[in-house]
Each structure stands twice: as structure tokens, then as C-alpha cells.
Amino acid sequence: MKTVEEIKSAIEAALPGAAVEIVPNPSVSGQHSLRLAPESALAVAKFLRDNSDLALDYLSNVTGIDWPDKVITEKVKVTRPSIQTVDGVEKTVEETVEETRKRLEPGSLEAVYHLYSVEKKHGPVILRMRTIDRTEHVELPSLTPIWRSAEFQEREIFDLYGIVFTGHPDLRRLLMWAAFKDHPMRKDYIEPDDFEYEPTAHDEVLKRAQEHQAAIAQPEAGAGQ
Amino acid sequence: MSESQSHSATLAERPEGWNRPALIQPSGDGELLEVAMGPHHPSTHGVFRMDVALDGERVIRLRPVFGYLHRNHEKIAEGISYLASMPYTDRLDYICPITNNWAYALAVEKLTGQQVPERAEYLRVILGELTRFQNHASSIGFLIQEMGASGTPLMYAFREREKILDLFEKLTGARMMVNYMRFGGCRVDASPAWLDQTRKVVAGLPQFIDEFEQLLATNEILMARTQGVGVLKADLAVNAGVTGPMLRASGVNYDIRKVDGYGIYNRFDFRVPLGDHGDVYDRFMIRLLEMRESIKILEQALKDIPTGPIMDPKAKSRGFRPKPGEAYGRIEAPKGELGFYLISDGGPNPYRYRVRPPSLINLTVLEDMCLGHDVADVVLIFGSVDIVLGEVDR
Amino acid sequence: MLGEGILKGMAETAKNFFGSYVSAERLTTVEYPEDRIAPYEAARVFPFLVFDSKSPSNPDAADWEAGLRCVACQICEKECPPKCIFIEKSKDKKPDAVGKPQFYPARFDIDISVCMSCQICVEVCPFEAIKMDTVFELSTEDRFGGLLLDRKQLAKSNEYFHQIHPTEAADVDDRLSEGRAKTEAKATAGAIAAAIKGAEVPAPKPPAAKPTGAES
């Protein structure tokens, strides 16, 4: 079984334009993954399946992950010109000031593929692909034409995360019903308001239940007048 | 049994779309009858719907629809600790809670590198193989019932299942929702009295399989209804991610107990039965033969089980925070490859918790197997896939 | 012969059917609710709170409230997977099962329509206060609140615990008496040390010594 570095070099040797990056895995499981660029993902997947040494003919698992937008606070040294009075004369002086800046690092959605080989009995080889952001550019190429087992799993990721897999033969919702809006597995999903009876509510649920009770009591109070 | 077929060499030469269902042209005036089989249906193994388009009796299109039992287990797991997800894994494939627990514990142990003591490994194997036995028994029983046997073989299978569930209750406190595995071992130790009772039950199991085989394996009705029905070719099975008895019935030699050798499975001497044709009859016989192999493993494990601790001494029940990283752990569950993919961010709750459900992925080829057959065979083919909706929908 | 397989199968079924008249092993039906199978010792259904009938503060009373072992630490509330436990701490303290003054629960609700009998609350409780019961015939007609068990309904005596889980109750009693012995040993050691300290204060002064001011 080849290591991640060997697989990366094999891919780059066969497909010179493919951008492949190793993503190390800090845990003791040692399952490092390869990040693929969406443009060349289909070609890389075909190579991995058809190559006689790797023979990764079995796609075991397709997972969706949500990486939300992060607000990063950092201290930055900024050089600014400022007017100061020196010896009674006004001069423009450059001064260095430390500022606290907040910047928004855009999040993305990710799809992770676990591949094994039934013929050579080795694995796993893990591939990853990220979308550009979480709102508008959420397309990724579908690997269903290469491995049929991605069919239902990519549909589920479309349903629960919102990644649109281009080239999928039948992209519809899988677990939620067809008219459902929103994507439940995202980190910023808000559940619908059905908190009528919550006898042992805690934290978030308690807050929502109290809001629900207040919302019901309000119109009654208004109508009672 | 046939050898495994080499198929990857020819995958590259396949034409475009070779692994999509081949559409059938309806005959006659082309008027199709659309039937929704389910979700309220005695034979759909749970709340499951199949939209079939029929030309007379022949199936032209079949679309599975599920999600009726979706409980968003994966999102719940992101909000509770790792240990608190263990009882929820019981409820995934609710016929085999032990193997669900085992797969989750294995994934967490891969993430953290914990070691499992020997006695705990033996206990895991014993309970896992008992689970496999009762799962295959009830699966075959349900399949025969769907053929019209009015429940008699099913009740024989359930009689054995009751003995095994009694053993589970005496050990773990509950018949089905056992909550038994922990990260680094098992929760409750088995007393010598329990092991003796298990040995007695296991000694009575071969007689049940003999009775079953005599009842059914040469039954003409069974053979006529299942042989040649629902054929699944090996290369399509591998490409579609099918695992478990369904894959082995198509002749592909891939059993994760042999391939990965997780736990202590490489110490036991057991064979992997393979099928020739990949039809419903092969899947039925594979499950029967796997029950015999499970008995072999059980006898060996019950003989060799050592004394000792059952938990990793460094494991703690509260304040469990694995270091950041990810791991994918999988086992050979009775239904197929059950895997858990965990991403940890260093906190007490997992960042991402994913269940790789064998039942859902085995359903990918349902349409391929049913096209061209009569609608009466759809129930049989579906029953031979052996799914549980708790796992499909999570 | 055609049909041989079917005939063999019917012979098997006939053996089981007629055999059930002669052999008890083949007749496995228990006619519930007239006959009941006793639950196994390890069986678990819903939790209950254990109270000691003779608690250190009130040795002669069978008062469940005084004898409750629970100290409202809320660990079970945090670890419960479906969050079906709701606890409100009291304002004052009372001695617990090993004699230390601790808070007690003013409110302890378990919603058994949500509880999934996983017994994680039992595993994490450090005070042996919550254990699993075996009663399951708890159906009620009240949809809202009928399945919400409060403190009084949950409190059952240690004798009852011995009845349903004898081995486990014996182990728990051993652990608790060890804990009590330790607390008592610490208390006695503390009392002896305090007594020594108190006795040491006048002893070093010789009885004949008088204050300087008085002499002159």
C-alpha cells in the first residue's frame, strides 16, 4: 500500500496539470488525505480507479463537512503617516501603531471521499474537495460517473449541506422531502418553531421554548384587552 | 465456491454509463401503471417507499424513496459528548446494536490510539458473532415470510433469536439497546455463569440451522421463486459500493474481518462463503452458511477467552476530549461495511460525526436488480438486500 | 420426486407442532399478564432515586426526603444524552449518605417519555444516588405531565434496591460504608487533633508561674 506522498507523485506523473495537495491528519490514526482541485478531480478519480497498482475500485464513504465563516481577530502593525509637532514645526512623520483588526475568513463546504481497493485489498485513500464559499459558489464535480456508490451519498450531501454536484445523473433531495428549503446539517441551521411542550428543557431548547410560550401569550394578551 | 473475479482490469475499457440501469422499453400500448409500494407496507422492513412503474406485471422503472425515519442522528451527535452518542448508535441498525456500538468504539479508538484489553476483545467477538447469527436468522426468516410461508420459519428463527436476546439481557441489562461498548473496552464483565449459559446456547444452534436447512433449502417453491431472480454482477456490485453478504453472493471475496483484521479476528479459523450467481437464492444460502461460520468463531472464542480487565485503565468516562484530527473506522457488520468518520476539534463534542450506512448504499443497485422482473419479485429482491430503515435514514 | 422438499419441510413442522404437546422446551409461550417472567437482575428500564431509610441525621424516621442520597451535583443532567433530567438545587444543605453536608435537589424531574434507558446517569453518578428500576407498566392517560416523574415518584428505598438488584445493591452498600468509615475516621482524627491542640495551650505554662505584673 502506497503512502500519500507516493500516490501524489503517481497522480502528478500521470496527470501533469492536476493540483494535488497533502492534508496531514494530526491524530494517531495516520489517515492523511489529498486535496483535489475541482477542475481536475474527475480525471484524477478515473486515474485512481483504473491504475493497475492502486486499483481503487471501491468508494466506501462520501462525507460532507461545513466549515463556517470565521471572524479572526489579529493584531497588526500598521505604519501610518501622521502630523506631529517637532520643535515647534509641523512635520509629517511615519509612525508604527499596533491595531486590532477583525477579518472575515470565508468558510466553505467540503466533500471527503474514502476509497478502498477490493482487488488489492488495501486502503483507505482519502480525497477532499472544497467549494469556494458557502453561499453562491457551491458546485463541485460529481464522482458518480466513476463510482456508482457516490450516487445516493452525494444526493444526501446536496440535501443536508447544499453542495451542488455537477454531472450527477439525478440530483434531488434524499432524506428530506422535495419541497423542503434550507440545509439541516449546516452549523447555522435554525430549527422550526415547534416548542409547545418541553418539560425538561435545557440551554438552547429552554430559550426557544420560552420564546415560543411568550409569542403565544402575547397575541392572547392583546386580544384579551 | 467460485474464486473472486478480477474486474478492475476491464473497468477502464467499459463504455460510458455502463454502471447505470439499462432502461427497458415497455411493450404493447406503452401505458404504464405507477404503484407506490409503501411506506405502510408489511414487507418493506420499515417505513420505505418504492415508486414502481409497471408495464403489466413487469417493472420498467423503480425509484426508492426514504427519509421517513430520518432523525438527524449526525447533528444530534455534534451537540452531545462522544459517550452520549453511544446509546444513539444502538438505534441505527436496531436489529444489531452490538455491531453498531463496536464500529463507533473502533472509530474513536482509531482517533485516540487507545488499546483494548484481550478479554474485552474476546467479549466483543462473542457478542458480535451472536449478533450476526441472530441478524441473519431474522433476515432469512423475513425473506421466507415474504415468499408466503406465513411466518413459520420466521418464528423458528425468532425462537433462536429470543435465546440470544435473553443472553444479552442477562449481561447488559437490555435485550436490544445494549449500550455495551466503551472507548477502550466493554462496559460490563461477563460472569462465568453467563459464559456457561452462552456455551449451552451455542451448542444448540447447529441443530437449528440443520432444522432450517431441512425445512427450506431444497423446497421447490423457494428454489423456483429465488433462483435467477435479482441477479447482481460482481463488477457492478463493487462499483456501486455494495458490501456484506450481498457482495459475497456475487462472488467477490471481500470480508472486512479478513481484510482489515480488526480486533482479534485473525486468530480465528473461519471461512468466507462466496456465491456463484448473485441471485436471491445465493444471498439466502450465503446467510445460512455465514451463520455456520459464526458458530465456529463462537466456539473458538468461548474456549479461549482469557481472564483480565475489560477496560483500558487509562480511559475516563467524563471529560473525554480527543486531540484534534480525524479517523475512519469500519467493521464487517451483518448488513455490510459499517463505518464511522469522526472529526475532532479538541472539544468534548465531535465536530463532524458521519455514519457510513451499509443498508443505504446497498440500495443503490435495487433498481438494477429489479428491472424486467415481475412486481411480485420486487418484494423478494428487496428482502434479500436486508436493510433496516434506522440505518438508511439515521 | 417432485415435492420432496415440501414434504420434508412439513415433516419438520409437524414434529414441532406435535412435539409441543409432549416437551416443555417446544412450548415457549408465556401468557402475559396472567403469567409474568421475573426480570433478570441486570434489567434496566427507567431510573429511580435511592434513599436510605435510616440516614445519619434522622436515624428513626423512614423519611424519603431526608434520606435521599442525591446531592444535586447535576452531573447526570449534563451527561444525559436526550436531556430528560431537570434538577433544581436547594438553598440549604443537609448531611448526605456518608455524612458530609451537601445540597439536595429541590426539584428532580425525569421525563420518561424521553428517557432511553441508556443508564449513563447511573454510570456517572459519584454518589450512588440514581439507579435503574425494573418497573415498566407505567402507561397513563395524561399526555402532558403523566410521564413526567417528579422527586416523590422517583424516590424508592434502599430495601427496594436490594430486592430488584441484590448483587449491585450489596456492592453499593459496601462502597458507601467504606466511605462512611473514611469520613468518620477523618472526623475522629480531626477531633483528636483539635483536642490535643486545645489541651496543649494551658499545659506548657507551669502552674507556679504568675504574671509579672501581679508579683511586683
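The values are calculated or read from the model by the stated rules, or taken from the named source; none is laboratory data. This is a predicted model, so every value here is computed, not measured. Here the Cβ positions follow ideal geometry from the backbone for every residue, glycine too, while neighbour counts run over all protein chains shown. Just the protein is used for accessible areas: all its heavy atoms, side chains included, with ligands, DNA and RNA removed. Shrake-Rupley method; radii C 1.70, N 1.55, O 1.52, S 1.80 Å.
Within segment A:95-123, the set of residues being over 26 Å from residue A:74 (Cβ atoms) and surrounded by fewer than 20 Cβ atoms within 10 Å (Cβ to Cβ) comprises A:120, A:121, A:122.
Scanning segment B:62-83 for residues that are away from chain A (no Cβ under 12 Å) and either among the small types (Gly, Ala, Ser) or farther than 24 Å from residue B:179 by Cβ (or both) yields B:62, B:81.
Only one residue in B:313, B:324, B:334 is open to solvent by 40 Å² or more (accessible area, probe 1.4 Å), touching a Gly at 6+ places or on another chain (Cβ under 9 Å) and either within 14 Å of another protein chain (Cβ to nearest Cβ) or touching a residue at least 12 places away in the same chain (Cβ under 8 Å) (or both), so which one is that? Within the list B:313, B:324, B:334, the selection yields B:324.
Looking only at residues in segment B:225-243 that are on the phi > 0 side of the Ramachandran plot and crowded, with 24+ Cβ neighbours inside 10 Å, the one that is farthest from the other protein chains (Cβ to nearest Cβ) is B:230.
Applying the selection to segment C:166-196, what residues are open to solvent by 50 Å² or more (accessible area, probe 1.4 Å) and either within 24 Å of residue C:113 (Cβ to Cβ) or within 14 Å of the chain's Cα centre (by Cα) (or both)? Once the filter is applied, which keeps residues that are open to solvent by 50 Å² or more (accessible area, probe 1.4 Å) and either within 24 Å of residue C:113 (Cβ to Cβ) or within 14 Å of the chain's Cα centre (by Cα) (or both), segment C:166-196 yields C:166, C:167, C:168, C:171, C:174, C:175. Is it the case that some residue within segment B:352-363 is surrounded by fewer than 24 Cβ atoms within 10 Å (Cβ to Cβ), within 14 Å of chain A (Cβ to nearest Cβ) and assigned to a helix (DSSP H, G or I)? Yes, there is a match, as at least one residue in segment B:352-363 is surrounded by fewer than 24 Cβ atoms within 10 Å (Cβ to Cβ), within 14 Å of chain A (Cβ to nearest Cβ) and assigned to a helix (DSSP H, G or I). For the residues C:82, C:101, the requirement of being within 10 Å of another protein chain (Cβ to nearest Cβ) and open to solvent by 30 Å² or more (accessible area, probe 1.4 Å) singles out C:82. Of all residues in segment A:132-151, those being open to solvent by 10 Å² or more (accessible area, probe 1.4 Å) and under 22 Å from residue B:343 (Cα atoms) number 4. For segment C:7-29, a tally of residues being of a type outside the set (Lys, Arg), open to solvent by 70 Å² or more (accessible area, probe 1.4 Å) and either within 12 Å of chain B (Cβ to nearest Cβ) or farther than 25 Å from residue B:167 by Cα (or both) returns 10.
Tell me whether segment A:157-166 contains one or more residues that are within 14 Å of chain B (Cβ to nearest Cβ), touching a strand residue (DSSP E or B) at 6+ places or on another chain (Cβ under 9 Å), without any contact (Cβ under 8 Å) to a residue 60 or more places away in the chain and not in a loop (DSSP other than H, G, I, E, B). So far as segment A:157-166 goes, yes, one or more of its residues are within 14 Å of chain B (Cβ to nearest Cβ), touching a strand residue (DSSP E or B) at 6+ places or on another chain (Cβ under 9 Å), without any contact (Cβ under 8 Å) to a residue 60 or more places away in the chain and not in a loop (DSSP other than H, G, I, E, B). Taking strands (runs of 3 or more DSSP E) as the structural unit, those lying wholly within segment A:1-97 and holding at least 2 residues that are aromatic (Phe, Trp, Tyr) correspond to A:58-67. When residues in segment A:8-28 are screened for being within 14 Å of chain B (Cβ to nearest Cβ), among the small types (Gly, Ala, Ser) and open to solvent by 30 Å² or more (accessible area, probe 1.4 Å), 1 of them pass.
Number of residues in segment B:216-275 that are of a type in the set (S, T, N, Q), assigned to a loop (DSSP other than H, G, I, E, B) and within 30 Å of residue B:156 (Cβ to Cβ): the value is 5.
Of the listed requirements (1) without any contact (Cβ under 8 Å) to a residue 60 or more places away in the chain; (2) not in a loop (DSSP other than H, G, I, E, B), residue A:148 misses just one: (2). Considering only residues that are in contact (Cβ under 8 Å) with a residue 24 or more places away in the chain and open to solvent by 70 Å² or more (accessible area, probe 1.4 Å), look in segment C:126-148 and name the one that is farthest from residue C:106 (Cα to Cα). If we take residues in segment C:126-148 being in contact (Cβ under 8 Å) with a residue 24 or more places away in the chain and open to solvent by 70 Å² or more (accessible area, probe 1.4 Å), then C:136 is farthest from residue C:106 (Cα to Cα). Within segment C:149-165, the set of residues being open to solvent by 40 Å² or more (accessible area, probe 1.4 Å) and within 14 Å of another protein chain (Cβ to nearest Cβ) comprises C:150, C:153. When the criteria are applied in full, residue B:215 meets the requirement of being within 13 Å of another protein chain (Cβ to nearest Cβ) and touching a residue at least 40 places away in the same chain (Cβ under 8 Å).
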